[in-house]
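See structure below.
The values are calculated or read from the model by the stated rules, or taken from the named source; none is laboratory data. Keep in mind it's a predicted model, so treat the numbers as computed, not measured. Cβ placement follows ideal geometry from the backbone for every residue including glycine, while neighbour counts extend to all protein chains displayed. Remember, those area values only see protein heavy atoms, side chains included, never the ligands or the DNA or RNA. Shrake-Rupley method; radii C 1.70, N 1.55, O 1.52, S 1.80 Å.
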Amino acid sequence: MTPNDAGLASHSLRAFRKSLGATANDVNACLDDLLPLPEGPERRVVEAMRYSTLDGGKRLRPFLVVASADLFDVPRTYSLRIGAAVEMIHCYSLIHDDLPAMDDDDLRRGRPTCHKAFDEATSILAGDALLTKAFAVLSSVDSHPDDFIRSKLVAALADASGAEGMVGGQMLDLLAADLDFDEQQTERLQALKTGRMLAVSCQMGGILGQAEPEVLKDLDAYGVCLGAAFQIADDLLDMEASEADLGKATGKDEAAGKATFVSLHGPGRARKRAKTLVDQAVAALDRFGDTAESLRAAAAFTVSRRS
Ligand code: GRG
């Protein structure tokens, strides 16, 4: 899909990429601070955590936290730490997803996966420690002075990343080929595995901003549509992009016989569906007017990206 298909002029897309890059730099600095190397032989696990987090991801989830929090003028010192916590969960999920017991991948973000660069046991520990550290960051007073807001952030992220969210989606993913999932089951799998983390990123910005429940509902609707569009774009890239462009193996879903919107309906219908989802995501932002421009651009970006 081209930027114009997504209804976004290419100069806005360039501006968005710049803004995503600037936020990524700030998030990287925050992650660097939050993951200091200890003395002693246990530093190996922190080296693996740093290897898999400070390694050039797009930082889309932290961007969504920061841009949603910006709607409410939340200080960046808070939203960046919350974004870093979400990124830690995302990175842990990638480390574990790449393990031989799961997707068994050698390449991630253009480099050897964590278990290739270190070893399997260290990778399991690095993922576990990133998951744990994320909640330590959320519960720190440096992330927000209000206890109630911090506890809401913890509950939201736990819900989205656990068995009722991303982990549940990953379980379905492991079962998908054998259970021969239909379209509805495939959409549910993807909403849990990928969509929940993107949607909760937007919600956490709203929680930081003490948004009213109906406002949080709109942010969630935006995130759910963006997540579904992101997944279709990911499946299209898996089918059409090169390993060098993506920095990871491609064509694995097809080889494993896993259903995706693309495999069920073909790339043409998948592109149309992704565009409709972007339009729905953008419509959910109506109440925010011009202040939500960067979130609108993020929705268009998810389907125009090449990696
Ligand atoms: C192991 C608990 C557990 C969960 C794994 C995230 C995940 C669940 C699996 C990753 C497999 C995958 C390719 C999912 C599709 C969507 C996705 C999460 C893509 C990677 O996210 P990007 O494009 O990656 O934001 P970067 O590298 O930019 O952070």
Report the extension gain between residue 252 and residue 54 in nm, rounded to one decimal, defined as 0.36 nm multiplied by the number of residues separating them, less their alpha carbon distance. 68.7 nm
Specify which residue in the list 208, 123, 19 is farthest towards the positive end of the charge dipole of region 3-304, using unit charges on the beta carbon of Lys, Arg (+1) and Asp, Glu (-1), about the Cα centre. 19
How big is the accessible area of residue 95 in square angstrom, nearest 10, if you roll a 1.4 angstrom probe over the protein chains? 10
Report, in listed order, any pair from 58/252; 248/275; 152/275; 252/275 with a Cα-Cα distance greater than 28 Å. 152/275
Distance between the C-alpha centers of region 101-154 and region 35-97? Whole Å please. 8
List every residue whose amide H lies under 5 Å from the amide H of residue 107, counting only residues 5 or more places away in sequence or on a different chain, with H placed 1.01 Å from N in the peptide plane. 113, 249
For residue 164 the rounded accessible area (nearest 10 Å², probe 1.4 Å, non-protein molecules ignored) is 130
Along its principal axes, what span do the Cα atoms of region 3-304 show, with the longest given first and each in whole Å? 55, 44, 35
What are the ³J(HN,Hα) values, in whole Hz, obtained from phi via the Karplus relation 6.51 cos²θ - 1.76 cosθ + 1.60 with θ = phi - 60°, for each residue of region 259-274 in sequence order, with x given for Gly and Pro? 6, 9, 4, 5, 5, 6, 10, x, x, x, 5, 5, 4, 4, 5, 5
Part-to-part distance (alpha-carbon centres) for region 200-238 and region 251-278, which is given in Å: 20
Expected field for residue 33, accessible surface area in Å² at 1.4 Å probe radius, rounded to 10, holds 120
In Å², what does the accessible area per residue of region 3-304 work out to with a 1.4 Å probe? 44
Residue 33 and residue 240 label points (each 7 Å along its Cα→Cβ direction) are spaced in nm at 4.0
Counting only protein heavy atoms with a 1.4 Å probe and every protein chain in place, the carbon and sulfur fraction of the accessible surface of region 3-304 in whole percent equals 52
Please pull out the direction-averaged projected area of region 141-232, using the convex hull of its alpha-carbon atoms, in nm² to one decimal place. 6.3
